[in-house]
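Just below is one structure, and these are the notes that go with it.
No value in this document is a laboratory result; all are computed from the given coordinates. Keep in mind that this is a model prediction, so the values were computed, not measured. All Cβ positions, glycine included, derive from the backbone under ideal geometry; neighbour counts span all protein chains shown.
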Amino acid sequence: MEFAKKIVETTEEIFNTMIFMEISADAPLEQGKQALGCHISAMIGLTGGFSAMLGIHCPEAIGLAISGAMLGMEIEEIDADVKDALGEIANMVAGGLKERFAAENIDLELAIPTAISGKSYTIASSTRSNRVIIPFSIEQGQFFIEMKYNLN
Amino acid sequence: MKYAQDIADATQDIFSSMVMLDVTPEEPFKRVDSQLVNSISGIIGLAGTTKGMLAIHLPDKAALAITTAFLGMDVEEIDEDVCDAVGELANMLGGSMKTILDPGGSDVQLSMPSTIHGEEYAIDCLADAELVTVPFSFNGQTFMVELQISQSN
């Protein structure tokens, strides 16, 4: 199903065309429980041909840089604009994946995005699920796109 | 509030039949701009003709007590078992809400659950969605079950 390849292509496309930011994908992280050290995340559920949860996880400075670029303004703290921007990115990446899977006759529907923010939190997936985490680099550092899935 | 009674009924059912705990629903409210402290949350997406997100938010102590009752073994820290149990609770609650939102059974589907654990974090609804939060109490402890439903399509 080439999850990693689809995630990289979709994320690069969204960042290039919607946020006008150059990003480069790094090697996927080992599967399993990883503490990503992030302060702002947005997650969205996908379901249909398989069930999944897609997330974007950013350290604070990266979340500010990405949402600032997307909204075209300086942002100094994680506020409602940052949460909305990351939720919109999660939504767009999930939508891009939906299109790519639809081309292979795998239909998916999207749920609604949710933001998670805070000084310290970890996100775990069920021990029975599969998980792909791709780090992406921008000038200021790394963020992560994560997809957990079960092929039903 | 719309769905508050459904959430109360579904949660009481699941807890009494699967976790063997009697839980009491309290007054529903809209939880906005509030931080969750030393807590664990299970979230699951609903997609299809109705889109939404169901969440259960548990203070660590409540999560340990519930997992102990659910798995029938003592758990003393938030570990993989607790995360799996909370994800499974979100999954079961999502399943109950799905049957209420979609009695025919073909129009709404559940995504995969995910769990969030931390000392201090916020979980915010982003979409233009209706939000209802129902608090529950048991044995002097509390937790919340929350539903966001997007009416736009």
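Take the Cα gyration tensor of the protein assembly as shown, multiply each eigenvalue by 5, square-root it, and list the three semi-axes largest first, rounded to whole angstrom. If you can, show how the numbers build up before the last one.
Numbers: eigenvalues 184, 85, 69 Å².
Over the Cα atoms of the protein assembly as shown, the semi-axes work out to 30, 21, 19 Å.
Students often check this: by mean Cβ neighbours within 10 Å, which of A:131-141, B:14-24, B:119-129 ranks highest, and how do the rest follow?
Highest mean packing first, the order is B:119-129, A:131-141, B:14-24.
Rounded to the nearest 10 degrees, what's the angle between the helix B:80-101 long axis and the longest principal axis of chain B, both from Cα atoms, 0 to 90?
For B:80-101 against chain B, the angle is about 30 degrees.
If you average the sequence gap of Cα pairs under 8 Å that are 6 or more apart and divide by the length of the stretch B:22-153, what percent do you get for the contact order?
Relative contact order of the stretch B:22-153: 40 percent.
For the stretch B:54-72 and the stretch B:31-49, compute the distance between their C-alpha centroids and round to whole Å.
About 15 Å separates the Cα centre of the stretch B:54-72 from the one of the stretch B:31-49.
Translational diffusion coefficient of the stretch B:4-150 at 25 °C, 0.890 mPa s, Stokes-Einstein with Kirkwood Rh over Cα pairs, in µm²/s as a whole number.
D, rounded to a whole number, is 161 µm²/s.
Quick one: if the Förster radius is 51 Å, what FRET efficiency do residue B:33 and residue A:105 give, using the C-beta to C-beta distance and rounding to 0.05?
With a Förster radius of 51 Å, E is 0.75.
Please determine, in degrees from 0 to 90 and to the nearest 10, the orientation of helix A:3-14 with respect to the longest principal axis defined by the Cα atoms of chain A, where the helix direction is its Cα long axis.
Helix A:3-14 and the main axis of chain A meet at about 40 degrees.
Roughly what angle does helix A:60-71 make with the longest principal axis of chain A, taking Cα atoms, 0 to 90 degrees, to the nearest 10?
Helix A:60-71 sits roughly 90 degrees off the main axis of chain A.
Counting pairs of alpha carbon atoms under 8 Å apart in space and at least six apart in sequence, what relative contact order in percent does the stretch B:1-59 give?
It rounds to 22 percent for the stretch B:1-59.
With 21 Å as the limit, write out which pairs from A:98/B:51; A:6/A:119; B:2/B:61; B:2/B:98; A:5/B:98 have Cα-Cα distances beyond it, or answer none. Walk me through the intermediate numbers first.
Details: A:98/B:51 15 Å; A:6/A:119 31 Å; B:2/B:61 30 Å; B:2/B:98 15 Å; A:5/B:98 32 Å.
In this structure, A:6/A:119; B:2/B:61; A:5/B:98 exceed 21 Å between Cα atoms.
Under the rule of -39500 (n - 2.57) per DSSP H run of 4 or more residues, summed and divided by the residues of the protein assembly as shown, what mean residue ellipticity at 222 nm is obtained, to the nearest 500 deg cm²/dmol?
Details: 6 runs with 92 residues, N = 305.
Calculated at 222 nm, the ellipticity per residue is -10000 deg cm²/dmol.
Can you give the FRET efficiency for residue B:9 and residue A:71, using 1/(1 + (r/R0)^6), R0 = 45 Å, r = Cβ-Cβ distance, to the nearest 0.05?
Using R0 = 45 Å, I get an efficiency of 0.60.
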